[in-house]
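Have a look at the structure below before the remarks.
The values are calculated or read from the model by the stated rules, or taken from the named source; none is laboratory data. Only a predicted model underlies this, so the values are computations on that prediction, with no experimental measurement involved. With ideal geometry, Cβ positions are generated from the backbone for all residues, glycine too; neighbour counts draw on all protein chains shown. Each accessible area value is taken on the protein alone, full model and side chains, heavy atoms only, with ligands, DNA and RNA left out. Shrake-Rupley method; radii C 1.70, N 1.55, O 1.52, S 1.80 Å.
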Amino acid sequence: MAEITAAKVKELRERTGSGMMDCKKALAETGGDMEKAIDYLREKGLAKAAKKAERTASDGRVFYVMSDDGKLGAMIELNSETDFVAKTDEFNDLGNKITAHLFAKEYADVASLLDSKHESGSTINELVTAVIAKLGENIVLKRFARFDAANGKAFCYIHSNYKVGALAELDADKADAMNSPEFAELGHEICMQIAAAAPLYLVPDDVTADVLDREKAVYRQQLLDEGKPADKIEKIIPGKLRKYYETTCLMEQEYIRDSDKKVKDLIAEVGKKLGAKISIRRFERFAIGE
């Protein structure tokens with residue numbers, strides 16, 4: 001039987017991140033063969049990770065990557081069980097790897113992204129599982145967004161605690177306007193607005209009929225409970241809906257830096273200054289725990 005030296009144990013620990021006793025056992029079980037010992041630990045790690053995957057991952061971080069020209073942006077939400085793990089180098093390295101992988105190619109959903117092959121030769125799912133085994137907590141790729149802004153520019157903002165992130169795509173009908181500092185500043189402000197005010201829709205027309213019907217039903221019952229006459233209720237509801245739009249629709253929201261101004265007013269103001277029509281094409285907001 002091959003001698004299990006301290007140097008071999010140290011090398012195996014460095015290559016796998018596993019504990020010293022686990023490394024000693026792996027080498028003993030495989031006759032001191034380093035590669036077989038790595039496979040042994042991976043197999044055991046995968047078994048441990050499967051059990052950990054049953055646990056709830058409700059903490060974590062938001063990661064993003066942007067191209068230098070602002071044409072492409074990618075953002076993911078990677079969850080862990082605790083903030084302690086979310087701050088580790090291993091967790092953050094994993095998040096950055098997944099985001100960079102997404103940045104290079106579009107995927108239909110989380111499942112297809114997890115099944116895709118990373119440049120390291122492992123699938124994204126295998127990379128996640130390996131970190132689960134090493135850190136001892138469940139880790140889940142919850143969602144992602146990737147904006148390829150062919151005719152506009154993508155912008156991103158991540159809050160300082162990495163718990164909230166926003167990705168938005170803006171465009172203008174003049175190329176010079178999109179290349180201006182004012183346009184870049186507007187994109188940053190819009191992302192900060194999305195992160196802070198959590199809009200659900202871009203404009204009122206995006207609110208679906210079933211959501212509106214549900215809101216109206218709630219308002220009717222509230223007004224009836226307040227003793228409002230039935231013939232007055234339908235006249236009051238439009239005002240209630242306006243308040244709803246001002247809360248949930250980005251363009252109708254109060255600008256976070258100036259309550260006298262709506263987001264649509266801010267966009268119009270910058271557009272007028274640049275002599276261009278500016279539009280928000282789409283946006284995503286990720287917040288840990290939501």
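Quick check on my filter: what residues within the range 10-33 are assigned to a helix (DSSP H, G or I), open to solvent by less than 100 Å² (accessible area, probe 1.4 Å) and either at pLDDT 85 or above or on the phi > 0 side of the Ramachandran plot (or both)?
The initial filter retains those residues of the range 10-33 that are assigned to a helix (DSSP H, G or I), namely 10-16, 20-29.
If we keep only those that are open to solvent by less than 100 Å² (accessible area, probe 1.4 Å) as well, we get 11-12, 16, 20, 22-24, 26-28.
Once the filter is applied, which keeps residues that are assigned to a helix (DSSP H, G or I), open to solvent by less than 100 Å² (accessible area, probe 1.4 Å) and either at pLDDT 85 or above or on the phi > 0 side of the Ramachandran plot (or both), the range 10-33 yields LYS24, ALA26, LEU27, ALA28.
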Just the residues that are under 24 Å from ALA154 (Cβ atoms) and among the hydroxyl-bearing types (Ser, Thr, Tyr), please, taken from the range 82-119. THR99, TYR107, SER112, SER116
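How about the range 206-290: which helices (runs of 4 or more DSSP H) wholly inside it have at least 3 residues that are β-branched (Val, Ile, Thr) and more than 32 Å from the chain's Cα centre (by Cα)?
Values: elements: 209-225, 230-248, 263-274.
Fully inside the range 206-290 and qualifying: 230-248.
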Which pairs have Cβ atoms under 8 Å, sit 6 or more apart or on different chains, and link a residue in the range 261-274 that is touching a residue at least 60 places away in the same chain (Cβ under 8 Å) to one that is open to solvent by less than 40 Å² (accessible area, probe 1.4 Å) and among the polar types (S, T, N, Q)? VAL263/GLN193; VAL263/GLN253; LEU274/SER180
Subset of the range 230-276 that is within 17 Å of ALA196 (Cα to Cα) and touching a Lys or Arg at 6+ places or on another chain (Cβ under 9 Å) - its residue that is most open to solvent (accessible area, probe 1.4 Å): GLU254
Within the range 212-239, which residues are under 25 Å from PHE283 (Cβ atoms), touching a helix residue (DSSP H, G or I) at 6+ places or on another chain (Cβ under 9 Å) and of a type outside the set (Asp, Glu)? LEU212
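Looking at the structure I just gave you, is TYR157 among the hydroxyl-bearing types (Ser, Thr, Tyr) and open to solvent by 70 Å² or more (accessible area, probe 1.4 Å)?
Numbers: among the hydroxyl-bearing types (Ser, Thr, Tyr): yes; open to solvent by 70 Å² or more (accessible area, probe 1.4 Å): no.
Spelling it out, it is not the case that TYR157 is among the hydroxyl-bearing types (Ser, Thr, Tyr) and open to solvent by 70 Å² or more (accessible area, probe 1.4 Å).
Out of all the residues in the range 164-188, which are open to solvent by less than 20 Å² (accessible area, probe 1.4 Å) and assigned to a helix (DSSP H, G or I)?
So the first thing to find is which residues in the range 164-188 are open to solvent by less than 20 Å² (accessible area, probe 1.4 Å), and the list is 165-170, 172, 177, 180, 183, 186-187.
Once the filter is applied, which keeps residues that are open to solvent by less than 20 Å² (accessible area, probe 1.4 Å) and assigned to a helix (DSSP H, G or I), the range 164-188 yields ALA177, PHE183, LEU186, GLY187.
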Do you know which residues across the range 189-215 are open to solvent by 60 Å² or more (accessible area, probe 1.4 Å) and in contact (Cβ under 8 Å) with a residue 12 or more places away in the chain? ALA196, LEU200, ASP206
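Condition first: modelled with pLDDT of 90 or more and either of a type in the set (Val, Ile, Thr) or in contact with a helix residue (DSSP H, G or I) (Cβ under 6 Å, 6 or more places away or on another chain) (or both). Can you find one or more residues in the range 96-103 that meet it? Reasoning before the result, please.
Of the range 96-103, the ones modelled with pLDDT of 90 or more are 96-103.
Filter once more, so that each one left must be either of a type in the set (Val, Ile, Thr) or in contact with a helix residue (DSSP H, G or I) (Cβ under 6 Å, 6 or more places away or on another chain) (or both): 98-99.
Yes, some residue in the range 96-103 is modelled with pLDDT of 90 or more and either of a type in the set (Val, Ile, Thr) or in contact with a helix residue (DSSP H, G or I) (Cβ under 6 Å, 6 or more places away or on another chain) (or both).
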Residue match in the range 237-246 (condition: at pLDDT below 90 and under 29 Å from VAL62 (Cα atoms)): no
Just one of the numbered conditions (1) at pLDDT 95 or above; (2) more than 21 Å from ARG15 (Cα to Cα); (3) not small (Gly, Ala, Ser) is not true of ASN179; which one? (1)
Suppose we filter the range 71-102 for residues that are under 19 Å from ARG285 (Cβ atoms) and in contact with a Gly (Cβ under 9 Å, 6 or more places away or on another chain); how many remain? 7
Taking the range 37-64 and the residues there that are hydrophobic (A, V, I, L, M, F, W, C), more than 15 Å from ARG143 (Cα to Cα) and crowded, with 17+ Cβ neighbours inside 10 Å, the one that is modelled with the highest pLDDT would be ALA37
